[in-house]
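J.: Please see the structure below; I have some questions.
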Amino acid sequence: MKRLFAFTILLVTSSVSFSQNTDSKRILFLGNSVFCSRGGLFHAFEGFCKEAGLDYQAVSQWDKPADPHGVEFLDYGRIPLSLPEIAADRRIHALIRSGPFDFVILDGRRAGYLLPDSVDLPDDRGKSIPYQKNLQALELLHRTIVGSGAQTVLYMHPGTQSPSDYKHHVAQIYKRFQADLSKMEVDGKQHQVTLVPAMMLWLDALKKYGIEGWYADRNHGNGLARYASGCMLYTYLTGMDPRQSQFKKLEVLSRSWEDIPEYKDLAASEQDARWIKKQVWFYYSTGP
């Protein structure tokens, strides 16, 4: 059976015990290269889970090339760039319902679509989309996710190398999305929405490592950055303390999404792994 991977909205503040997470979980990730390619994080996420004895099946929407963690939708074309476009695509809603999935993860796509015109972006922003219109799109997706039996998770996209000033505005928008979606009732009941604040973690990392030590190219993180995002996703979905994990393996991928043999044994240093896991646990344990 084809297995798929996804994420989207809510900061979990309560600890989840190990016994609650031993069952197999399936995750659908509605994203492009942030999931795979040079910005991908599935290797690290699955590595953390496996090291903890958890069966979390993180598989993407595509089964080609041979690596099942592909980038785009098989037979869907490229996933849309804005939330209203995603929500308007009936095939995406059908994919969510096809599960069963335990989590469906969304991101806001390009930051320029989320920010108002008054925010001065350093490059081509794309078309600014009003907050309410983006929220309505998320509400449609959230309704479908909840109806399918899954939980909505919002992944706060780390974004490009661009100056960090506007990223704090984006983070506030994500938090507002989470709050508004958590108030929404589906069948007369409110449903938990989890926010994974990867953008904030990356901003911390840039102060420590700099752009060249964290980004592989203008848009995607290097192996250490993907490790950090995978660690954060692992922590927010399982409730497990990453500081207890010995997993340190890094993945360096080519643009064709194939492993590079000479880097097959690459691992994060003890110092880097410790700093990342400490930062992730700080965010998780202190709440929004």
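J.: Quick one: count up the residues across segment 141-180 that are more than 23 Å from ASP117 (Cβ to Cβ) and surrounded by fewer than 17 Cβ atoms within 10 Å (Cβ to Cβ).
T.: Residues in segment 141-180 being more than 23 Å from ASP117 (Cβ to Cβ) and surrounded by fewer than 17 Cβ atoms within 10 Å (Cβ to Cβ): 3 in total.
J.: While we're looking at this one, here's another question. Filter segment 246-288 down to the residues that are touching a Pro at 6+ places or on another chain (Cβ under 7 Å), at pLDDT below 95 and in a helix (DSSP H, G or I) and list them by number.
T.: Selection gives nothing.
J.: Shifting gears a bit: In segment 83-96, what count of residues is obtained for those that are surrounded by 15 or more Cβ atoms within 10 Å (Cβ to Cβ) and assigned to a helix (DSSP H, G or I)?
T.: Going through segment 83-96 one residue at a time, the tally reaches 9.
J.: Check SER269, SER229 and return the single one that is without any contact (Cβ under 8 Å) to a residue 40 or more places away in the chain and small (Gly, Ala, Ser).
T.: SER269
J.: May I pose another question? Using the structure shown, decide if LEU138 is under 18 Å from ALA88 (Cβ atoms) and either among the acidic types (Asp, Glu) or out of contact with any Lys or Arg (no Cβ under 8 Å at 6 or more places or on another chain) (or both).
T.: The answer is yes for LEU138.
J.: Also: Restricting attention to segment 125-140, report how many residues are surrounded by fewer than 23 Cβ atoms within 10 Å (Cβ to Cβ) and either of a type in the set (Ser, Thr, Tyr) or not in a loop (DSSP other than H, G, I, E, B) (or both).
T.: Total satisfying the criteria: 10.
J.: Name the single residue that is nearest to THR144 (Cα to Cα) among those in segment 179-197 being in contact with a Leu (Cβ under 7 Å, 6 or more places away or on another chain), in a strand (DSSP E or B) and not hydroxyl-bearing (Ser, Thr, Tyr).
T.: Looking at the filtered set, the residue picked out is VAL193.
Okay, residues lined up against (1) within 23 Å of PHE282 (Cβ to Cβ); (2) at pLDDT 80 or above:
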residue	(1), (2)
SER14	yes, no
ARG38	no, no
PRO65	no, no
HIS93	no, yes
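J.: Can you tell me which of PRO130, PRO100 is modelled with pLDDT of 80 or more, of a type outside the set (D, E, K, R) and farther than 23 Å from ALA150 by Cβ?
T.: Only one candidate qualifies: PRO130.
The values are calculated or read from the model by the stated rules, or taken from the named source; none is laboratory data. Every value quoted in this text rests on a predicted model; they were computed, and no experiment measured them. Because the Cβ atoms are built from the backbone with ideal geometry, glycine has one as well, and the counts that use them run over all protein chains shown.
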